[in-house]
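The block underneath contains the structure these notes are about, expressed in C-alpha cells.
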Amino acid sequence: MLSKNLAHFDQSACVACGTCVKECPRSAVKVHRGCYAVVEAERCVGCGKCARVCPAGCIAIEERKEQ
C-alpha cells in the first residue's frame, strides 16, 4: 500500500547535487541525466528525509493525488 504522502521536486530549482539520493531510505530518488532529481512514486513513502537535506529547498512533501 502506498503512503498518503509523496515527495514533489521543483526541477527548475534543483541543482542535481545528489544529497537527496543519498538520504532516501527507499532509493526512490534519482538524478536524471545529471540535470535534476526525480522521484519514483511507487517507492516513495513520503518520509520527508530528502526535503530536510535539500540545499536548494526544492523538495516538498505533498499529499498524493488520487489516481
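The values are calculated or read from the model by the stated rules, or taken from the named source; none is laboratory data. Quick caveat, the model's predicted, so the values are computed rather than measured. Because the Cβ atoms are built from the backbone with ideal geometry, glycine has one as well, and the counts that use them run over all protein chains shown. Side chains included, ligands, DNA and RNA excluded: accessible areas come from the protein's heavy atoms. Shrake-Rupley method; radii C 1.70, N 1.55, O 1.52, S 1.80 Å.
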Original post:
Are there any pairs, at least 6 apart or on different chains, whose C-beta atoms fall under 8 Å, with the first in region 43-67 and at positive phi and the second open to solvent by 30 Å² or more (accessible area, probe 1.4 Å) and of a type in the set (S, T, Y), and if so, which?
Top reply: G46/S3
Original post:
Filtering region 2-20 down to residues that are of a type in the set (A, V, I, L, M, F, W, C) and open to solvent by 50 Å² or more (accessible area, probe 1.4 Å), which residue is farthest from K65 (Cα to Cα)?
Top reply: C17
Subject >> Matching residues, region 31-42, being in contact (Cβ under 8 Å) with a residue 24 or more places away in the chain and farther than 13 Å from C58 by Cβ >> reply: A41, E42
**OP:** Please identify the pairs in which a residue from region 9-21 that is more than 10 Å from A56 (Cα to Cα) has its Cβ atom under 9 Å from the Cβ atom of a residue that is open to solvent by 30 Å² or more (accessible area, probe 1.4 Å) and of a type in the set (D, E, K, R), counting only partners at least 6 apart or on another chain.
**Re:** C20/K49; V21/K30
Original post:
Among the residues of region 15-31, how many are in a loop (DSSP other than H, G, I, E, B), farther than 11 Å from C44 by Cβ and touching a helix residue (DSSP H, G or I) at 6+ places or on another chain (Cβ under 9 Å)?
Top reply: 0
**OP:** Select from region 52-67 the residues that are under 14 Å from L6 (Cα atoms) and open to solvent by less than 30 Å² (accessible area, probe 1.4 Å) and write down the one among them that is nearest to the chain's Cα centre (by Cα).
**Re:** I59
Subject >> Matching residues, region 32-45, being assigned to a strand (DSSP E or B) and open to solvent by less than 70 Å² (accessible area, probe 1.4 Å) >> reply: Y36, A37, V38, V39
Subject >> Residues located in region 28-52, provided they are of a type in the set (A, V, I, L, M, F, W, C) and closer than 13 Å to F9 by Cβ >> reply: A28, V29, V31, C35, A37, V38, V39, A41, C44, C50, A51
